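Asker: This structure is in structure tokens; I'll ask about it shortly.
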Amino acid sequence: MTEPVKGPASYFPSIEKKYGQPIDHWLGIAEAKFGEGLKHMEVVAHLKEAHAMGHGHANAVVAFVKAKL
């Protein structure tokens, strides 16, 4: 049996479906913003404002990227 996906990655299928881009697209945007020196909530705000992403989805993307840095 396969373990169910937990944490931020559990949002990835719905993010891809709702926003029409592969998750790597959104992860790349978040990584680039961290590279510009933005903080967690600033990256969340960017995804919400520039890409009309909901707060929960944006936060999941940013939390996933931040955990990898």
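The values are calculated or read from the model by the stated rules, or taken from the named source; none is laboratory data. A quick note: this is a predicted structure, and the numbers were derived from the prediction, not measured. Methodologically, a virtual Cβ is constructed for each residue, glycine included, from the backbone with ideal geometry; neighbour enumeration extends over all protein chains shown. Accessible surface areas use protein heavy atoms only, side chains included; no ligands, DNA or RNA. Shrake-Rupley method; radii C 1.70, N 1.55, O 1.52, S 1.80 Å.
Asker: Among the residues of region 24-69, write down those that are open to solvent by less than 60 Å² (accessible area, probe 1.4 Å), within 17 Å of residue 12 (Cβ to Cβ) and of a type outside the set (A, V, I, L, M).
Answerer: Once the filter is applied, which keeps residues that are open to solvent by less than 60 Å² (accessible area, probe 1.4 Å), within 17 Å of residue 12 (Cβ to Cβ) and of a type outside the set (A, V, I, L, M), region 24-69 yields 26, 28, 54, 56, 57, 59, 64.
Asker: Could you tell me whether residue 14 is modelled with pLDDT of 95 or more, of a type in the set (Ser, Thr, Tyr) and surrounded by fewer than 13 Cβ atoms within 10 Å (Cβ to Cβ)?
Answerer: no
Asker: Open to solvent by 70 Å² or more (accessible area, probe 1.4 Å), outside any helix (DSSP H, G or I) and of a type in the set (Asp, Glu), is that true of residue 3?
Answerer: So residue 3 fits the description; yes.
Asker: Which condition number in (1) part of a loop (DSSP other than H, G, I, E, B); (2) touching a helix residue (DSSP H, G or I) at 6+ places or on another chain (Cβ under 6 Å); (3) not hydrophobic (A, V, I, L, M, F, W, C) is the one that residue 11 fails?
Answerer: Here residue 11 meets the rest and fails (1).
Asker: Which residue pairs have Cβ atoms closer than 6 Å, lie 6 or more positions apart in sequence or on different chains, and pair a first residue in region 11-38 that is under 12 Å from residue 66 (Cα atoms) with a second residue that is among the β-branched types (Val, Ile, Thr)?
Answerer: Short answer, once both residue conditions are applied: 27/65; 30/43; 30/61; 30/62; 30/65; 31/65; 33/43.
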